[in-house]
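Novice: To start, I am sharing the structure in question, which I have written as structure tokens.
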Amino acid sequence: MAHAYTPGLRVTPQTLVRRERRLPLKGDVLVAVGDRVSATTVVARTLLPGNVQTMNLASALGVEPSDVAGKLTSPIGSIVAAGQVIAATKALFGLMKSEVKSPAAGTIESVSDVTGQLILREPPIPVEIDAFLEGTVVEVIAGEGVVIESPAAFIQGIFGIGGETHGTLVVAVSGPDDELTVDRLSPALEGQIVVGGSYVNHAVLKEAIRLGVRGVVVGGFDDRDLRDLLGYDLGVAITGHETLGITLVLTEGFGRIRMAERTFRLLKSLEGSQAAVSGATQIRAGVMRPEILVPRASSASDATGGGVTGMDIGSLLRCIRGDHFGRIGRITALPAQLQELGSESHARVLEAEIEGVGRVILPRANIELIEA
Amino acid sequence: MSHPPEIRSILATDCGSTTTKAILIEKQGDTYRLVTRGEAPTTVEAPFEDVTRGVLNAVKEVEELRGRKMLDGDRILTPQKGDEGVDIYLSTSSAGGGLQMMVSGLVMSMTGESAQRAALGAGAIVMDVIAINDGRRPHEKIKRLRQLRPDMLLLSGGTDGGAVKSVAEMAELIAAANPKARLGAGYELPVVYAGNSDPAAREIVRQRLGDKTALLIVENLRPKPETENLKPARDAIHELFMEHVMAHAPGYKKLMTWTAQPIMPTPGAVGLIIEKIAKREGITVTGVDIGGATTDVFSVFQGVFNRTVSANLGMSYSVSNVMAEAGLPNILRWVSFPVDEVQLRNRIKNKMIRPTTIPDTLEELVIEQAIAREALRLAFQQHKALAVGLKGVQQERTISDVFEQDESGATLVNLADLNLLVGSGGVLSHAPRRVQAAFMMIDAFLPEFVTELAVDSIFMMPQLGVLATVHEQAATQVFDRDCLIRLGSVIAPVGNAKDGAPCMNVRVKHPDGRVGEAECRAGDMKLMDLPADGDARLEMTVEPDRGWDMGEGKGKPITVTVRGGIVGLVLDGRGRRPFELPKDDAKRIEKLRGWNRALDVYPREL
């Protein structure tokens, strides 16, 4: 069964991270290969086409669509101000006039001689992309963006909300079992990334937002609190666009779940470093998990991309469902035949030695491998 | 593509959003039989981002279980040589979110609806329908087009020879939005134009969209108000799906070179099978395939095939959306033990973020099956709303039909006429006891009178659907012998009465001459045994009490033939129109436990 594996989340003190930073539309790349960039360096810029306004000039002026073009007072392609007259007709020797004013500032893009519809394009919206990860530009994608590379500590979360942010990592709890509570927060945490332990609740998160904390990293969070925080029940897990004033990264899942020892230890060792954090999660069609990146000085000893290896005897695993949720163990056997579970379902299983529990049988689907 | 003269073995995979399933079919004597199956997590996503990884893993499992070689490194061995390899390899796919489309028509209830049916018929998920009269202002439509980033757009509208102005208006809206495709930033959005086929109209569309999109112009899907011609649009959608969409999904380019036939969207393949059952047996059928991300419903009533894809109703990726749409109380009403709301919410979200996990305790299974009931119920509701009075491909309908439909919106789906209800998808096919699948379908669909129930044994209808396009005989043989498990029938008179009041008496003559008799009272469920053989035919008489209707009028008995099935005859005296569960929690739990006991649903009381 060397071929079968369940993808796990990456938690590694040092790996070579590459991040593509791409504009939504073509634009200008502002850096070159070899440039050193900080997290906030603007690497590319573009102008998104502005919003579109439509107006039916034929009906507004009471003329045939084919005659509309001749009634324009500002030609196609011209820039107009809001309220400016853009088309007019005269009747009865110029005594009766109808006029159409532009509803917004913009450019007259087109007029249809079939429908009589005018399309006004509002001014373009500037969009800038920053580097997010402090590092070196290793590739320029002409007109689109760049690839930034840096040796970094890399921690993937399981779910997050809120977009990209930066700050100094501060561990505000004493251990992975500890909850992040209001008394652990202070104004000194403004602009920082706070690592809690097993859990944070809505009230504490609100207080963190009030204090200007940029990010919170914890083991678990209640879905009820998520609903209260967002103001709606999250249906499909596509996040990252929320504007809550904070980025939340869950390392384990929903509920009170002790942060994996290994994750906590790594975050603790990185305390005081600058971290780049993203809450963007998309668990469908090109999975995206939230992440915490801490750029580090290069080390020749471990600068590989790493990766998930196969499921084998001795592989390190974490339970991701059921009674042992969150616990760590090692695979001791991989029986090939299906076995009956407590639910009477038949599934492929594995035998594992779980820390503090002993030997258990688990469905293979209910574990994730942890990079050794 | 040419195949070996005699096909000895067929390997087929279905790349679902959560799991990739592989089946191996071999010719044994004169017949094709399923010999084994394997599955592995789908690997469209990071860190693998290559669908072929999951395919190879699933095939590897088949190899191990069958004990013969089918892979040569990262390659499927075809054709079969000696005991190694397989003669054909085929695949279906719904991974990567399936085919996501936006459709547009001029009038919502006319071309808008036809366009939607064409897209759904091709196996797409319809993200939105835009029409001239959809109530949104032009800039709102443009904004929507820009936001959604579909895989493809279907533009219809106008009968042949009709006015071109509205067609131009829609084309101008699309051009102004300049929508981008979901996958691959560098390629143009595929657009199918299947509207007014007058040269002038086509020219306008070409002028407006030719430079900005990958435009394909096909025959009008609604050439006359009373005629619908969906096939050319469906074919074009399939063509562009393969050329543009699949080619940009991770690993599909490679997978496409492995398969003997083009990869088919999963709902398209399942639909083929459902249509075939209805045609062959001359019956009305409703089928459902409940997956991780979507739930597809298929029906054949009055000879008309309809298919809907409920994009965000499913058991893993979309599980949280089932909760958001159904509401927690609707899920909890099916759970036969008290559950803490905070915990249940967390469980559902944990399934969403780790979609490939499976329930390993009985309590978790009960909750999963409660969620499935709601996903099925909602998907069926959506299906009923879309499967309305159009008479399908190339069939005429009169103008008066059009107006009737517009006024009444009458659905074709009539539970009282339903002969067979077929379930597929992990939660139904892999339910540890078949009676659980039957019970989920009964609760979600609420069939009336006499309805036969069946499940896809191990969730292989998609693979058989694509196989039917190349080897009908093999597909039919495996379908009859190994795929369709006949569960029995549900007897559900329409009516209501106080719990414990008389409801119905049922008498069944078994092939061995034995006569089974049972009485079912209002509010109860009962199970009568049947021969497990689905080919067995039995005469059944149902005598409903006064106030209960079995289709012939209140209190009128019926005598019909039913088939055997491994679950048996489920007598459902809980009432219909309306069907209601007790509002009081304690009473509701007592009722659920009673029904679970009566049907022997779980190994212990929960």
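Read-outs: derived from the displayed coordinates by stated rules, not from any lab. None of these values were measured; they are calculated from a predicted model. Positions of Cβ are backbone-derived with ideal geometry, glycine not excepted, and every protein chain shown enters the neighbour counts.
Novice: Please say if segment A:158-289 is rounded, prolate or oblate, where rounded means a/c under 1.5 for a ≥ b ≥ c the square roots of the C-alpha gyration tensor eigenvalues, and otherwise the choice is prolate for a/b larger than b/c and oblate otherwise?
Specialist: Rounded, since a/c falls under 1.5.
Novice: By counting other Cβ atoms within 10 Å of each Cβ, how are B:M315, A:M259 ranked from fewest to most?
Specialist: With the fewest neighbours first, B:M315, A:M259 line up as B:M315, A:M259.
Novice: State, to one decimal in nm, how far the label point of B:K212 lies from the label point of A:R265, with both points 7 Å from Cα in the Cβ direction.
Specialist: Modelled inter-label distance: 5.7 nm.
Novice: Where the only charges are on Cβ atoms (+1 Lys, Arg; -1 Asp, Glu), what is the dipole of segment B:201-336 about its Cα centre, to the nearest 20 debye?
Specialist: For this selection, approximately 120 debye.
Novice: Determine, from the Cβ-Cβ distance of A:A297 and B:E49 and an R0 of 30 Å, the FRET efficiency 1/(1 + (r/R0)^6), rounded to the nearest 0.05. Don't skip to the end; give the middle numbers.
Specialist: Numbers: r = 30 Å, r/R0 = 0.99.
That gives a FRET efficiency of 0.50.
Novice: From other protein chains only, count the Cβ atoms within 10 Å of every residue's Cβ in B:165-172, then give the mean.
Specialist: Mean shielding by partner chains, rounded to a whole number: 5.
Novice: What is the magnitude of the charge dipole of chain B about its Cα centre, with +1 placed on the Cβ of each Lys and Arg, -1 on the Cβ of each Asp and Glu, and no other charges, expressed in debye to the nearest 20?
Specialist: 780
Novice: Sequence-distant or interchain residues sharing an amide H contact under 5 Å with A:S110, placed H: which?
Specialist: Answer set, sorted by chain and number: A:I119.
Novice: Calculated from DSSP H runs of 4 or more alone, at -39500 (n - 2.57) each and per residue, what is the 222 nm mean residue ellipticity of chain A, nearest 500?
Specialist: -2500 deg cm²/dmol
Novice: Now for a separate question. Along the charge dipole of chain B, Cβ charges K/R +1 and D/E -1, which of B:Q147, B:S9, B:G488 sits furthest on the positive end?
Specialist: Of the options given, the answer is B:Q147.
Novice: Can you tell me the FRET efficiency between B:K69 and A:V138 if r is taken as the Cβ-Cβ distance and R0 is 51 Å, rounded to the nearest 0.05? Each step should come with its number before you reach the end.
Specialist: Details: r = 42 Å, r/R0 = 0.82.
Calculated value: 0.75.
Novice: Follow-up question, since we're still on this one. Which order results if A:T263, B:T52 are arranged by neighbouring Cβ count within 10 Å, fewest first?
Specialist: A:T263, B:T52
Novice: A further question follows. Can you tell me which of B:281-294, B:212-225, A:328-341, B:114-127 comes out highest on packing, and rank the rest after it, using the mean Cβ neighbours within 10 Å?
Specialist: Put in order of decreasing packing, that is B:114-127, B:281-294, B:212-225, A:328-341.
Novice: Please state the charge dipole magnitude for chain A, taken about the Cα centre, from unit charges on C-beta atoms (+1 on K and R, -1 on D and E), reported in debye and rounded to the nearest 20.
Specialist: 300
Novice: For chain A, set up a Gaussian network in which alpha carbons nearer than 10 Å are linked by springs, and say which option among A:S78, A:S273, A:S198 fluctuates the most.
Specialist: A:S78
Novice: Counting other C-beta atoms within 10 Å, which of A:F325, A:F254 has the fewest, and how do the rest follow? Before the final figure, lay out the partial values.
Specialist: On the way: A:F325 20, A:F254 27.
Ordered from fewest to most neighbouring Cβ atoms within 10 Å, A:F325, A:F254 come out as A:F325, A:F254.
Novice: Give the residues of segment A:138-180 whose amide nitrogen is closer than 11 Å to a point set 7 Å from the Cα of A:K26 in the direction of its Cβ.
Specialist: Within reach of a label on A:K26, which here means backbone N under 11 Å from a point 7 Å along Cα→Cβ, segment A:138-180 contributes A:142-144.
Novice: Now for a separate question. Most fluctuating residue of A:P123, A:P13, A:P75 in a GNM of chain A with Cα springs under 10 Å: which is it?
Specialist: Of the options given, A:P75 has the highest mean-square fluctuation.
Novice: Evaluate the distance, in nm, between pseudo-label points positioned 7 Å from the Cα of A:L230 and of B:Q28 along their respective Cα→Cβ axes.
Specialist: Calculated label separation equals 4.8 nm.
Novice: Would you check chain A for Lys pairs whose C-alpha atoms are within less than 22 Å, ignoring same-chain pairs closer than 8 in sequence, and give me the count? Working shown, then result.
Specialist: On the way: A:K71/A:K90; A:K71/A:K97; A:K71/A:K101; A:K90/A:K101.
Close lysine pairs found across chain A: 4.
Novice: If you take the square roots of the eigenvalues of the alpha-carbon gyration tensor of segment B:491-542 and sort them as a ≥ b ≥ c, do you get rounded (a/c under 1.5), prolate (a/b over b/c) or oblate?
Specialist: prolate
Novice: Set the Förster distance to 51 Å, then compute FRET efficiency between A:D113 and B:E519 from the Cβ-Cβ distance, nearest 0.05.
Specialist: Calculated transfer efficiency: 0.10.
Novice: When the Cα centres of segment B:59-75 and segment B:495-517 are compared, how far apart do they sit, in Å?
Specialist: Between the Cα centres of segment B:59-75 and segment B:495-517 lies a distance of 51 Å.
Novice: Moving on to the next point. As a test of the formula, what do you get for chain B when each DSSP H run with n ≥ 4 contributes -39,500 (n - 2.57) and the sum is divided by the residue count, at 222 nm and rounded to the nearest 500 deg cm²/dmol?
Specialist: When only DSSP H runs of four or more count, the value is -10000 deg cm²/dmol.
Novice: On to the next question. Of the peptides A:356-365, B:486-495, B:468-477, how do they stack up when ordered by the mean number of other Cβ atoms within 10 Å, highest first?
Specialist: Packing order, densest peptide first, comes out as B:486-495, B:468-477, A:356-365.
Novice: Using a Gaussian network model of chain A with C-alpha springs under 10 Å, which one of A:E164, A:E207, A:E149 is most mobile by mean-square fluctuation?
Specialist: Maximum among the listed residues: A:E207.
Novice: Next question. On C-alpha positions alone, give me the angle between the axis of helix A:202-211 and the longest principal axis of chain A, in degrees, nearest 10.
Specialist: The angle comes out at about 60 degrees.
Novice: For the pair B:D417 and A:R18, how long in nm is the line joining their label points, each one 7 Å along Cα→Cβ?
Specialist: Here the modelled spin labels are 5.9 nm apart.
Novice: Which of the listed residues, A:H241, B:I367, B:V342, is farthest toward the dipole's positive end in the protein assembly as shown, when Lys, Arg count +1 and Asp, Glu count -1 at the beta-carbon?
Specialist: Going by the charge dipole, the pick is A:H241.
Novice: Taking amide H atoms as placed 1.01 Å from N in the peptide plane, list the residues 5 or more away in sequence, or in a different chain, whose amide H sits under 5 Å from that of B:L571.
Specialist: Answer set, sorted by chain and number: B:I491, B:K526, B:L527, B:M528.
Novice: What shape does the protein assembly as shown take by its C-alpha gyration tensor, where a ≥ b ≥ c are the square roots of the eigenvalues and a/c under 1.5 counts as rounded, a/b above b/c as prolate, and the rest as oblate?
Specialist: Since a/c reaches 1.5 but b/c is at least a/b, the shape of the protein assembly as shown is classed as oblate.
Novice: Taking a threshold of 27 Å on the Cα-Cα distance, which of the pairs B:K526/B:K583; B:K384/B:K591; B:K526/B:K587; B:K556/B:K583; B:K165/B:K384 fall above it?
Specialist: Checking Cα-Cα distances, B:K384/B:K591; B:K556/B:K583; B:K165/B:K384 exceed 27 Å.
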